[in-house]
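**Q** Let me begin by handing over the structure; questions about it come next.
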Amino acid sequence: MPIEADHRLPRAAIPAHYDLVLEPDLAAATFAGRVSIDLDVVEPTDRIVLNAAELDVTSATLDADNGGGPWTGAVTPDPERERASISFEDQRETGRYRLHLDFTGILNDQLRGFYRSAYQDDEGVEHVLATTQFEATEARRAFPCWDEPDLKATFDITLIVAPGLQVVSNSPIVGDETTADGRRRVRFGTTMKMSTYLVAFVVGELEATDWHDVEGVPLRIVTVPGKIHLADFALDAGAFALRFLAGYYDIPYPGDKLDMIGIPDFAFGAMENLGAVTYREQVLLVDPQQATQAELERVADVIAHELAHMWFGDLVTMKWWNGIWLNEAFATFMATKCIDAYRPDWQRWLSFGADRNHSMDVDGLATTRSIEFPVASPEEANEMFDTLTYEKGASVLRMLEQYLGEETFRRGISRYLKTHAYANTETADLWAALEAESGEPVGDIMDTWILQGGHPRVDVQRNDGDDGGGYRLSQEHFQFIGGSAKRWKVPVQYRSDSGEGRLLLDDEAVIEAGAGLVVNSGGQGYYRVAYADDLATGVVDNFAELDPAEQYGLIADTLAGVLAGDLGASRLVDVVRRLDDSTEPAVWEVALGGLSELDRAVSSDVRPDLQALVRQLAAPVADRLGWAPGEGETDLDRRFRGSMLRAMGNLGKDPETIAEARRLFAGMDAGTDGGTGRLDGEVVAAVLAIVAANGDRSDHVELVKRFHDAKNPQDEERYRGAMAIVPDREAVDETMAMTGDGRLRSHDVAYTVARMIGVRETGAYAWEAVKQSWDRILERVPALTARGMLSQIHHRSEPEVAADIKAWLADHEVPGSHKYTPQQLERLDVRLRLRESNPTLD
């Protein structure tokens with residue numbers, strides 16, 4: 001068990017300012033550097049300890065502000081603890097000093113620290129750029145530093161690079177000169193006081209849009225050459241987010257400028273470096289004319305998420321990594337809020353139901369964790385970046401906002417940020433600000449959601465007790481397997497024919513309400529709802545009168561009941577049959593997801609009946625929508641079409657839909673449908689999914705070819721995803737080979753492997769292939785993303801395959817998955833039990 005003290009630096013010396021000079025050599029994949037650090041010695045010491053990893057610190061000297069020194073220090077590296085100790089012959093007294101360190105390092109290929117990223121131009125020539133990813137604890141791989149979030153400082157950064165290369169960092173360029181040997185020496189302005197994990201620099205052959213003025217903030221997009229034409233949507237979304245967030249927080253943007261930079265190789269989706277936000281290309285660069293609504297929404301979401309961090313995370317930062325949930329949860333919450341304002345027609349809070357439900361699928365496990373938990377080591381910090389931090393955290397914040405009122409909540413957030421600007425906080429500081437604005441016991445409420453794992457189920461029944469009529473609400477800890485005596489302070493909102501109400505449910509309560517009771521009205525609560533049978537019948541019969549978010553919640557809660565063994569599969573089928581009049585793609589998608597769960601569990605005798613049910617439900621909608629957009633359609637109409645076509649072709653196995661998809665696929669060339677007009681992006685995505693899921697080796701060959709010929713990040717991602725789900729063993733073998741021979745970027749390997757494992761027909765074969773290639777895969781996959789390869793093992797609920805997966809993972813560890821692996825195995829157990837129950841549709 002890691003101990004926090006082993007990973008925290010001594011506090012005898014505290015940094016105040018870094019003056020950093022780096023000289024990267026892209027061809028040699030190395031760099032040299034010098035850093036001068038202004039620091040305060042706060043207690044007498046003869047040793048200064050700071051973080052350094054994969055660096056060779058070649059010299060160390062110390063000067064005093066009062067003119068003393070220089071003193072030469074002896075450098076002792078500690079690779080295991082990622083530290084370097086600088087020892088001096090005599091003790092240094094308290095005061096201000098400047099520490100000078102010379103060092104060298106490598107540009108690694110692990111997508112962390114200061115690393116290299118490669119790409120090919122249109123002629124197939126490879127180019128290399130160098131970029132950074134420092135969160136959580138990777139700045140120490142680029143320069144010696146106090147790499148802990150509460151040790152904030154200011155930074156002056158200088159990059160010395162080959163002529164013809166462009167450079168970007170957190171601040172604007174304030175000096176650009178030619179060195180004696182013909183290189184560029186570029187100096188950047190002093191940053192605000194911030195944590196080391198937010199420092200960034202990018203070096204390479206880059207293109208940039210013109211600067212766009214967003215109420216005084218210069219904004220631009222930076223890409224590798226040839227992709228700048230894909231930047232317009234990001235510019236628009238970024239400009240909106242800057243305005244919206246500054247207004248919401250009532251605080252100006254804290255940086256001097258904002259670069260948003262597309263990086264070919266990137267472990268995560270994006271990184272909130274102040275003033276120099278880096279992105280995986282797929283979530284920054286997009287052609288709106290060819291993208292699906294979900295792809296556009298993803299780009300807008302990620303941009304808004306990262307820009308929300310400029311205040312919540314960068315300006316105000318957690319003291320230690322146990323508080324990272326607050327950064328990420330709040331950025332997720334604010335991104336959804338921002339994009340709901342940017343594109344109200346997308347109904348972002350409705351589609352957020354999928355994010356909430358995904359987190360509840362994990363949070364309903366015995367192996368879940370609390371949102372906030374003690375973090376000691378860097379490895380534990382990296383495990384915080386999961387659905388419980390992001391989606392559960394955002395969901396409970398949304399629930400709290402709806403309970404307190406949106407304006408009250410906003411004022412509390414603004415108070416918190418203004419009070420703690422440029423400083424570090426703990427979770428209780430946020431609750432205190434919200435309590436000051438609302439008068440509610442926010443800390444008492446939220447501690448039950450943040451400091452313990454899981455969530456409740458609110459049970460609803462008629463009150464037949466001595467205290468009269470109405471309804472009795474009670475809570476139980478919802479778990480798919482097992483249970484506990486945990487309780488929450490549940491902000492419950494409800495409505496009935498007699499009006500709306502709310503209460504804070506501790507254990508149980510009686511409410512007075514009329515007929516037509518709906519608990520979790522508005523659908524924003526982070527809890528399941530289970531109605532007694534007589535009430536459940538009424539709610540289901542009244543399905544068409546529910547708000548879409550309430551419809552979503554009813555379906556999701558019913559599916560959860562089925563997976564927990566509390567309800568039969570027929571209950572889910574009964575609810576889904578009520579979808580006839582719904583035109584909300586998000587509601588249909590959660591329903592189809594539920595039927596897909598059944599599709600993987602039912603016997604071969606029942607599966608044709610399930611396919612027929614899907615066709616019965618989806619065919620009228622698919623026939624009405626057709627294969628091409630009509631006049632005046634919205635983005636959600638287009639999305640609905642794609643969802644219904646996939647349902648018909650893949651879940652319903654409709655022969656006519658599959659045949660039409662094949663015809664269109666054969667004629668697709670540079671975005672056309674064989675000469676009859678341009679295919680809509682939603683239809684293209686549906687066609688690829690249908691052809692792939694019903695394909696063979698020849699289809700896979702064509703998908704691989706198109707993957708290599710893709711002209712934008714979304715097409716590349718679609719083809720990569722499609723070729724991974726072709727249910728053909730030779731296709732599995734070829735895709736597995738691609739994960740190791742460089743045809744797939746390392747950041748895509750884990751998720752491609754996961755998709756292959758998740759295929760119903762060939763997933764078991766893919767699992768065998770993964771075992772054979774286990775060591776090779778782990779060598780190629782960045783440690784930060786390795787656990788993603790396990791994300792679909794819960795679909796392998798064939799008893800013999802499931803047993804083999806458990807045995808294998810007992811002896812083969814995946815980096816960064818100490819908590820994740822048990823969760824995925826328990827998800828597998830839930831599906832095993834569903835399969836063993838032999839579910840039927842009646």
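**Q** Order of 241-247, 440-446 by packing, highest average Cβ count within 10 Å first?
**A** Result, highest mean first: 241-247, 440-446.
**Q** What does the charge count around N357 come to, taking other residues whose C-beta lies under 13 Å from its C-beta (Lys +1, Arg +1, Asp -1, Glu -1)?
**A** Computed value for this residue: -4.
**Q** Moving on. Please give the per residue accessible area of the stretch 1-127, computed with a probe of 1.4 Å over protein heavy atoms only, in Å². Please report the intermediate quantities before stating the final value.
**A** Details: 6260 Å² over 127 residues.
Per-residue value: 49 Å².
**Q** With point charges of +1 on the Cβ of Lys and Arg and -1 on the Cβ of Asp and Glu, referenced to the Cα centre of the stretch 167-231, which listed residue (T178, A231, A200) lies farthest in the positive direction of the dipole?
**A** The listed residue farthest towards the positive side: A200.
**Q** On full extension of the chain, what length is gained from R8 through R183, given 0.36 nm per residue of separation minus the C-alpha to C-alpha distance?
**A** The R8-R183 span can extend by a further 59.1 nm.
**Q** Follow-up question, since we're still on this one. Specify the angular offset, from 0 to 90 degrees and rounded to the nearest 10, of the alpha carbon long axis of helix 713-723 from the longest principal axis of the alpha carbons in the chain.
**A** For 713-723 against the chain, the angle is about 50 degrees.
**Q** First select every other residue whose beta carbon is under 10 angstrom from the beta carbon of H212; then total the charges, Lys and Arg +1, Asp and Glu -1.
**A** Once positives and negatives cancel, what remains is -2.
**Q** A further question follows. What does the accessible area per residue of the stretch 711-842 come to in Å², with a 1.4 Å probe and no ligands, DNA or RNA counted? Numbers along the way, then the final one.
**A** Working: 5050 Å² over 132 residues.
About 38 Å² of surface per residue is accessible.
**Q** Could I ask something else about it? Starting from the 7 Å offset along Cα-to-Cβ, what nm value, one decimal, do you get for the label separation of A64 and L503?
**A** 7.0
**Q** Anything over 21 Å Cα to Cα? Flag those among K392/K486; K392/K819; K489/K819, in the order listed.
**A** Beyond 21 Å between Cα atoms: K489/K819.
**Q** Sticking with this one: With r as the distance between the Cβ atoms of D547 and D842 and R0 = 41 Å, compute the FRET efficiency 1/(1 + (r/R0)^6) and round to 0.05.
**A** So the FRET efficiency works out to roughly 0.85.
**Q** In deg cm²/dmol and to the nearest 500, what is the mean residue ellipticity at 222 nm of the chain if only DSSP H runs of at least 4 residues count, each as -39500 (n - 2.57), divided by the residue total?
**A** Working: 25 runs with 323 residues, N = 842.
One gets -12000 deg cm²/dmol as the mean residue ellipticity at 222 nm.
**Q** Still on this structure, I have one more. Angle between the Cα long axis of helix 548-563 and the longest principal axis of the chain, 0 to 90 degrees, nearest 10?
**A** 80
**Q** Given a Förster distance of 35 angstrom, what is the FRET efficiency for E633 paired with H358, based on the Cβ-Cβ distance and rounded to 0.05?
**A** Between E633 and H358 the formula returns 0.80.
**Q** Please name whichever of P620, L744, Y719 sits farthest to the positive end of the charge dipole of the chain, dipole taken about the Cα centre and charges placed at Cβ: Lys and Arg +1, Asp and Glu -1.
**A** My answer, from the dipole projection, is L744.
**Q** At a 10 angstrom cut-off on C-beta neighbours, averaged per residue, how do the peptides 65-76, 689-700, 338-349 rank from highest to lowest?
**A** Ranking, from highest mean packing down: 689-700, 338-349, 65-76.
**Q** Lysines within cross-link reach of K257: Cα-Cα under 25 Å, excluding same-chain residues under 8 positions apart?
**A** Straight-line reach from K257, under 25 Å: K152, K193, K227, K337, K418.
**Q** Separate question: Taking all protein chains as present, what is the carbon and sulfur share of the accessible area of the stretch 211-305, in % to the nearest whole number, probe 1.4 Å?
**A** The value for the stretch 211-305 is 51 percent carbon and sulfur by accessible area.
**Q** Modelling each spin label as a point 7 Å along the Cα-to-Cβ direction, I'd like the T190/E761 distance in nm, to one decimal.
**A** About 6.5 nm separates the two model spin labels.
**Q** Shifting gears a bit: Residues in the stretch 55-85, backbone N under 16 Å from the label point at D46 (7 Å along the Cα-to-beta-carbon vector): list them, ranges by number please.
**A** Residues passing the 16 Å test: 71-76, 85.
**Q** 5 Å is the cut-off here: which amide hydrogens, built 1.01 Å from N in the peptide plane, fall below it relative to S521, excluding neighbours closer than 5 in sequence?
**A** Q493, Y494, R495
**Q** Enter the angle in degrees (range 0 to 90, nearest 10) between the Cα long axis of helix 324-342 and the first principal axis of the Cα atoms of the chain, meaning the one along which they spread out most.
**A** Value to nearest ten degrees: 60.
**Q** Could you report the stretch 262-360's accessible area per residue, 1.4 Å probe, as an integer in Å²?
**A** 18
**Q** Also: What's the carbon and sulfur percent of the stretch 372-488's accessible surface, probe 1.4 angstrom, rounded to a whole number?
**A** Carbon with sulfur: 44 percent of the solvent-accessible area.
**Q** Working out 0.36 nm times the residue gap between D623 and K319, then minus their Cα-Cα distance, what length gain in nm do you get to one decimal?
**A** Gain on extension, D623 to K319, equals 103.9 nm.
**Q** Applying 1/(1 + (r/R0)^6) with R0 = 45 Å to the Cβ-Cβ distance of V510 and E426, what FRET efficiency is obtained, to the nearest 0.05?
**A** Computed FRET efficiency for V510 and E426: 0.75.
**Q** Something else about it: Give the carbon-plus-sulfur fraction of the accessible surface of the stretch 38-121 in %, rounded to a whole number; probe 1.4 Å, heavy atoms of protein chains only.
**A** Accessible surface attributable to carbon and sulfur in the stretch 38-121 totals 41 percent.
**Q** Measure off 7 Å from each Cα along the Cα-to-Cβ vector at D811 and E207, then give the distance between these two points in nanometres to one decimal.
**A** So the two model labels end up 5.3 nm from each other.
**Q** Moving on. Rounded to whole Å, give me the distance from the Cα center of the stretch 108-141 to that of the stretch 43-88.
**A** Taking the Cα centre of each part, the stretch 108-141 and the stretch 43-88 sit 28 Å apart.
**Q** What does the extension gain come out to for Q120 and E779, with contour length at 0.36 nm per residue minus their alpha carbon separation?
**A** Length difference between fully extended and current span is 234.9 nm.
The values are calculated or read from the model by the stated rules, or taken from the named source; none is laboratory data. Computed from a prediction, not measured in an experiment: that's the story for all the values here. Virtual Cβ from ideal backbone geometry, glycine too; neighbours counted across all protein chains shown. Areas reflect the complete protein model, heavy atoms only, side chains present, ligands, DNA and RNA absent. Shrake-Rupley method; radii C 1.70, N 1.55, O 1.52, S 1.80 Å.
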